[in-house]
Structures are given as C-alpha cells and as structure tokens.
Amino acid sequence: MDVARSSARRAEGRSRTGTGSPAESPREESAELAEVRAQLRELQQTIEAIRTGGVDSLIVGPPGQEQVYALATADRSYRLIVEAMNEGAATVSTRGVILDANPRLGSMTGQNASELIGTPVLDLIPAAHRPAFARLLDVGAGDSARGEVDLTESGGTTVPVLLAVSGFDLDGMLLRCLVLTDLTAQRAAESQVRALTTELEARVKRRTAELERSNKHLQAFTYSVAHDLSTPLRGLSGFSEVLLEEYGELLGETGRGYARRIQAASERMATVIDDLLRLSQVSRAELNLVRVDLSAEVAAIADGLRSRDPGRRVSFAIQDGVWVTADRILIRAVLENLVENAWKFTARREDATIEFATTADDQATLCCYVRDNGVGFDPAYVDKLFQPFQRLHTADEFAGTGTGIGLVSVRRIIERHGGRTWAQGAVDGGATFYFTLGARDTP
C-alpha cells in the first residue's frame, strides 16, 4: 500500500504594522512566499499521486497519534479479504496504537472494530500476559514472531489466541501486523481428549487389575489341582506296581495287563501335570535379561545329547557368535526343546544332521532357526504344532514323545521376549523351526 504523509502545515499571515525596519519586510515576505509555494507543490504532487494511483492512503497526526486514511477504492480486494478473515487482524504503530482492525478482532474482544482504532493494543491483553505479548510484539521490519496469549473481552473474560506478529516498513515508519487465531475450540477439544485419555487409562488399569487377579486365581487353581491330583496318581502308580509284584500270578495275563495299563496311565497323567506346571512357571516367571551366547548354549545341549546316547551319529552345524539379550534360563529352555525335538525325530536317519543358524527377517533384528533332516510333518497340520496336547507323531513311532507342551512353552517364552515363532516342514523332508528376538520399530 503506497502512502503519503501530510505535513498539515499552515502558513500564518503576519500583520503589518507601521513600525519596523523597511529593509527586513521584503525579506520576510519573500521567505514566507517561498514556503507557501513549497507547500503548494507538495499538495499538487500528493493530488497528482492520488489521481494517478501512486498513493492510496495518508498517515496524518503527530507521533503516537497517527491515523491511517485510505481511499475508498484503495486495495479493496485486500480489505475484503481481511474483513472476511476468520482470524482477528490489526495494524499497530511503533508506539503500540491500533491503526486498523478487522471485524473479527472486534467480535473476539466484544467491541466494534472502529472502537479499537486509536486505542493501545495492550488494553486488549490481561496484565499477566502483557510481558509475553510485549516480547512477541518487539519485532523489526521483515521479522516475525509467534506465541500463545490471552485476549480480554469487554465482559472481563479471556479468550486464548495464537498470535502471529510481522514487522514491516511503511514509508520509513515501522508498523506491526497482528493476526490472532481463536484457540477456544481447540482448547475445548484438547480438554475433551485429556478427559477421554484419563478415562481410558482408568479403564486399562481396572482391566489390568482384573486380569492380574484372574491370573493369580488361575495359577492358584493350577497348583491346587496339581497338588490334589499328584497324591492319588502316585497312589495309583504305587499300588499298581505292588499289585503286579505280589499278586501278579493270581491276576493272570489279563489282570496283569490291566494293572500295567493303570500304572502307565497314572505315570502319563503325572507327566502331563508336571508339564502344565512348567508351562505356568514359564508364563509368570520374571524376565532377567542378560547377554546370552546362543551358539555356546546349543553346543552344550548337543554335547549333553551325545553323552546320553553315545550310539547315535548326528552331525551338528552350529553358527558361531550368535548373541542375544534374553532371559538365560528361559532361552535355554527354548533351545533345549527345539534341539531335543530335532534329535528325537532324526532317530531313523543314518546321516542325521541338525543345524542352528540365523537368517534375515524384516520384522526383527535377529531370526534364528533349528533345522533337521528328520521325518518332518504334514504342512496341513502346522498350526497344531504350537497347541497344547497336539502331537503329530505317536509314542509308538518315536520313543519319548511328549505331551505337546514343549512347543507351546517355546512360543510362550519367545512371545514374552517380543518375538515370533513358526515352522516349515514336509513329510519325510525334515523340519525347520524359526524364532525371532528384538522386534524392529514399525514406522
């Protein structure tokens, strides 16, 4: 916007008296005439500038009391935009006087925009916010600042606003343009979000407490059942053994068969109970995370298996230097389950091989696997592998076939470490069991 300043100077006539120096009078009249001519030239230049469009507003008034007068046609499109803005807008002089304000700023303060013109801008700010407002307002030409302050309404209430200040030079005079965005709706939404978050956190705490109580009750029930069943099962097994030893001849072959079946069933039930107790302990044991050398653990497990069954010839391929941060006892249980399964299901192979190594995985920093060339499994039943009491091979096929709890424990332990487990295999084509540790952060 081009402006012109009016000097508003007025030539004052001098009274002539009969006294005075005749020599000075012509010089005074000549100086006064030159001043009037200069003012006329200035006015002619201003009028010509207005007529040609070079000037569209005037700033009139002494310092601190400046007023901006704009032509009706000056920057009309700009003014329409400012007046239609949903944000409050104002132009402020160097001394902090409002030179112009749009209707939105008037509605935000409960006044007419025209009433704001000529008033100190600090009158719109509560006393507590004035120091912060003054710091935001202190910008030079070409600079800007942004911050949150409060406005005072005519009724005394306050309105939170986001203030953006820009400084610019207008024909040598520093002016500041203020844009104020009402944050009332945003603050209300934030308050609602905080209330909902608090309510959600309270619900989560209640649900967590309920889950912890349920887990404690379940653990107590598990131990109670295990204890209550263990005693009669030991009795069944013991009495069956006594019956066979002392009364075997009287029972006959059929009776001895029944007694042996009772003894085997009771021992089997005791094994199931022990496995369930171990699974319960795995699920609730506190994690003690340390650095663990998985390669060394697998090597130790392999040595133990060779010592227990020295007649078998099994080739182990173990990748060196596989380190991880995990619970040493629990991760050892994972490796024992997987390696012992591979040992068991390669029993029919003359060239049995068991491999432990790592592979790349997009979702984890470490992915390990245990691979064997044993009997494998039907891929159609892969989902049953990690379910309790689900077995794909019977005790008649492989001695020492367990209860199906081992792989369930493997999955539970790995999940507690934030990882995943899965398997691949084929009938008579071996099996590979994978587990991951150190989940990657998703973007």
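The values are calculated or read from the model by the stated rules, or taken from the named source; none is laboratory data. Bear in mind that the values here come from a model prediction, so they are computed numbers and not experimental data. Neighbour counts are summed over all protein chains in view; Cβ atoms, including those assigned to glycine, are modelled from backbone coordinates with ideal geometry.
Annotations for the structure displayed:
- Selected residue [within 30 Å of His217 (Cα to Cα) and among the charged types (D, E, K, R)] from Asp309, Asp274: Asp274
- Unique residue being over 24 Å from Arg411 (Cα atoms), out of contact with any Cys (no Cβ under 7 Å at 6 or more places or on another chain), part of a strand (DSSP E or B) and hydroxyl-bearing (Ser, Thr, Tyr) when the list is Ser237, Ser315: Ser315
- Within the stretch 341-354, considering residues that are surrounded by fewer than 18 Cβ atoms within 10 Å (Cβ to Cβ) and of a type outside the set (Lys, Arg), the one nearest to Ala423 (Cα to Cα): Thr353
- Subset of the stretch 328-353 (residues that are assigned to a helix (DSSP H, G or I), out of contact with any Asp or Glu (no Cβ under 7 Å at 6 or more places or on another chain) and not basic (Lys, Arg)): Ile329, Leu330, Ile331, Ala333, Val334, Glu336, Asn337, Leu338, Val339, Glu340, Asn341, Trp343
- Among the residues of the stretch 162-185, those identified as of a type outside the set (A, V, I, L, M) and under 21 Å from Ala132 (Cα atoms) are Ser166, Gly167, Phe168, Arg176, Cys177, Thr181, Asp182, Thr184.
Here is a yes/no grid of residues against (1) loosely packed, with under 13 Cβ neighbours inside 10 Å; (2) within 30 Å of Leu229 (Cβ to Cβ):
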site: Leu279; (1), (2): no, yes
site: Asn288; (1), (2): yes, no
site: Val292; (1), (2): no, no
site: Pro310; (1), (2): yes, no
site: Ala317; (1), (2): yes, no
site: Glu336; (1), (2): no, yes
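- Selected residue [modelled with pLDDT under 90, outside the structural domain of Arg278 (by TED's automatic domain parsing) and either of a type in the set (D, E, K, R) or outside any helix (DSSP H, G or I) (or both)] from Phe356, Phe398: Phe398
- Boolean, Ala333 is out of contact with any strand residue (DSSP E or B) (no Cβ under 7 Å at 6 or more places or on another chain), touching a residue at least 24 places away in the same chain (Cβ under 8 Å) and among the small types (Gly, Ala, Ser): yes
- Members of the stretch 164-192 found to be over 16 Å from Ser107 (Cα atoms) and part of a strand (DSSP E or B), listed by number: Ala164, Val165, Ser166, Gly167, Phe168, Asp169, Leu170, Met173, Leu174, Leu175, Arg176, Cys177
- For the stretch 154-195, filtered to residues that are loosely packed, with under 15 Cβ neighbours inside 10 Å and among the acidic types (Asp, Glu), the residue that is modelled with the highest pLDDT is Glu190.
- For the stretch 105-121, filtering for residues that are surrounded by 20 or more Cβ atoms within 10 Å (Cβ to Cβ) and either over 22 Å from Ala132 (Cα atoms) or of a type in the set (Ser, Thr, Tyr) (or both) leaves 2.
- Residues in the stretch 265-323 that are touching a Pro at 6+ places or on another chain (Cβ under 9 Å) and not charged (D, E, K, R) were compared, and the one that is farthest from Ala360 (Cα to Cα) is Ser266.
- Just one of the numbered conditions (1) closer than 26 Å to Ala185 by Cβ; (2) among the small types (Gly, Ala, Ser); (3) surrounded by fewer than 14 Cβ atoms within 10 Å (Cβ to Cβ) is not true of Ala134: (1).
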